[in-house]
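Peer 1: The structure's right below; bear with me while I get my questions together.
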Amino acid sequence: MRRNLFFLVAVLLAACSAPNESGGAPKSASGAKYTIALIPKGLGHQFWLTVKQGGEAAGKELGVEIIWTGPAKETEVARQISIVQDMVSRPVNAIVMAACDANALVDTIKSAMDAGVPVVTIDSGVNSDVPVSFVATDNIKGAEIAAATLSDLIGGEGKVGLLPFVPGAATSEMREQGFKQGLAKFPNVELVSTLHTNSDVAKALAVTSDMLTAHPDLKGIFAANEPGAIGAIQALEAAGKAGAVKIVAFDASAEELDALRRGVIHALIVQDPYRMGHDGVKAAIDHLEGRPIEKRIDTGVTVVTLDNLDSPEVQKLVGSK
C-alpha cells in the first residue's frame, strides 16, 4: 500500500513538472497558450479602439489571451512605463505596444527583453533596435503625401500651418519631419506655424485659434492625428472659416469622416490600425514560436477624399466607423 502511494505521488510530481504544449512557456489562466499584453499610447481615441479590435481578432485566431491596458492619455509616459513593468512582473509571454515617448521607453523595453518578455512596437516606436519588430505606417512617407495633397488643395501657393501632437513621441516627430520634407518640394507654399496639440481636442482648438489669429490669410492646415483634426475643425467653425481653410489630417474617426462629407476636412491620410493590432500580435506569436519575422512591417496609408470615400477599398478601412 505504501509503495503504491509513493508511486502515485511520484507520478503526480512528474506531471506537474512536465513541459506544456508551448515548450515550457506558461499558459494563461484562461488556458490560452500565450498571454500577450497589448498596450496603446492612450485608451480614449477611436484609433486605439480599432487597434484593440485587430489585436483581439488575432488573439481569437491564434488561441491567445489578450490583456488590453494602457494610460488614459498619450502624454502619460510615466504611467505607461509602470504598466509595462507590471506586465513583465505578471508575467506575460510578450508585449505589443505603441510607445508614448521614443526615448523614455527605451530602457523599459530593454529591461522587458532582458527579463525574457519580447516586445513588438506598433504605430509609434522607440529610438532603439531592441524591439523584435516594429509594425506601423511609414509616417514620414505618409506626411510627405499629406504635404503634396495640401499643396494641391491650395493651388500650390500660400501659407499653411502644422499641428503635430506630443513632443518626443516618435510618430508625431516623424509626421512633422515628413510634412516639412514634403513641403520643400513646393517653394511657393510657406509653413508659418507649428503648434503641438498634446493629442487633446481642447488644446488643438486653442492653438488653431491662435494660429488663425496670427495668420488670418492662412490657406491650409495639416493635423497630424485625430484629436488635432477635431480641434482644428472646431476652431475653423468658430472662426467662420470652415471649408475656406483646407485641412488634411491623419486618421479616420467618425467625426473626421463626417467633416470630410461636410467639406470641412478635404483629405484624410488613413492608416490601418486594425492591421497594426492584428499583425503586431501575430508578430509576437511568430517570435515566440521561433518563426522569422521582419524587423519593420509597413501597414501602409491611403489618401481618402470625397471622390473615393465610398469605394469598396476605402470602405473596408473606414466603413465600420
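Peer 1: With Rg and the Kirkwood Rh both taken from Cα atoms, where does Rg over Rh land for the chain?
Peer 2: 1.10
Peer 1: Using a Gaussian network model of the chain whose springs link C-alpha atoms within less than 10 Å, name the residue from VAL119, VAL192, VAL207 with the highest mean-square fluctuation.
Peer 2: VAL192
Peer 1: Leaving ligands, DNA and RNA out of it, work out the accessible area of ARG79 with a 1.4 Å probe and give it in Å² to the nearest 10.
Peer 2: 110 Å²
Peer 1: Right, next: Size of the dipole of the chain about the Cα centre, Lys and Arg at +1 and Asp and Glu at -1 on the beta carbon, nothing else charged, in debye to 20?
Peer 2: 880 debye
Peer 1: Just by accessible area at a 1.4 angstrom probe, what is the order of ASP138, ASP101 from largest to smallest?
Peer 2: Accessible-area ranking of ASP138, ASP101, largest first: ASP138, ASP101.
Peer 1: Write out the trypsin sites (Lys or Arg not before Pro) in the stretch 219-264 meeting two conditions: DSSP loop, and at most 16 other Cβ atoms within 10 Å of their Cβ.
Peer 2: LYS241
Peer 1: How many angstrom lie between the C-alpha centres of the stretch 72-94 and the stretch 251-319?
Peer 2: Computed from Cα coordinates, the inter-centre distance equals 25 Å.
Peer 1: Related question: Mind grabbing the accessible area of TRP48 for me, 1.4 Å probe, Å², rounded to tens?
Peer 2: 10 Å²
Peer 1: Still on this structure, I have one more. What aspartates and glutamates sit close enough to LYS41 to cross-link, taking a C-alpha to C-alpha distance under 14 Å and skipping anything fewer than 8 places away on the same chain?
Peer 2: LYS41 reaches GLU74, GLU76, ASP101, ASP123, ASP200, GLU226.
Peer 1: What Kirkwood radius, in Å to one decimal, follows from the Cα pairs of the stretch 34-129?
Peer 2: Evaluated on the stretch 34-129, it is 13.1 Å.
Peer 1: Which GluC sites (Glu not before Pro) in the stretch 188-290 pass both tests, a DSSP loop state and at most 15 other beta-carbon atoms within 10 Å?
Peer 2: GLU289
Peer 1: How much accessible surface area, in Å² rounded to 10, belongs to the heavy atoms of LEU195 with a 1.4 Å probe?
Peer 2: 50 Å²
Peer 1: Please list the three semi-axes, largest first and in whole Å, of the ellipsoid equivalent to the stretch 215-321, using sqrt of 5 times the eigenvalues of its alpha carbon gyration tensor.
Peer 2: Semi-axes from the Cα gyration tensor: 34, 15, 11 Å.
Peer 1: Quick one: which residues, 5+ away or cross-chain, put their amide H under 5 Å from the amide H of SER124? H built at 1.01 Å from N.
Peer 2: Result for SER124 returns ALA99.
Peer 1: Send over the per residue convex hull volume for the stretch 250-298, Cα only, as a whole number of Å³.
Peer 2: 63 Å³
Peer 1: How long, wide and thick is the stretch 170-281, going by the Cα atoms along their three principal axes, in whole angstroms, largest first?
Peer 2: 46, 30, 24
Peer 1: Hey, another quick one. Pull up all non-local amide H partners of ASN225: gap of 5 or more, or a different chain, and H-to-H distance under 5 Å with H placed in the peptide plane.
Peer 2: Placed amide hydrogens put PHE250 under 5 Å from ASN225.
Peer 1: Related question: Quick one: compute a quarter of the convex hull surface over the Cα atoms of the stretch 154-215 and quote it in nm².
Peer 2: Its average projected convex-hull area is 4.3 nm².
Peer 1: Give the lysines reachable from LYS219 as a straight Cα distance under 18 Å; neighbours fewer than 8 places away on the same chain don't count.
Peer 2: Result set, ordered by chain and number: LYS159, LYS180, LYS185, LYS241, LYS246.
The values are calculated or read from the model by the stated rules, or taken from the named source; none is laboratory data. Owing to the predicted nature of the structure, the values given are computational and were not obtained by experimental measurement. With ideal geometry, Cβ positions are generated from the backbone for all residues, glycine too; neighbour counts draw on all protein chains shown. Please note that ligands, DNA and RNA were not included when accessible areas were found on the heavy atoms of the full protein model with its side chains. Shrake-Rupley method; radii C 1.70, N 1.55, O 1.52, S 1.80 Å.
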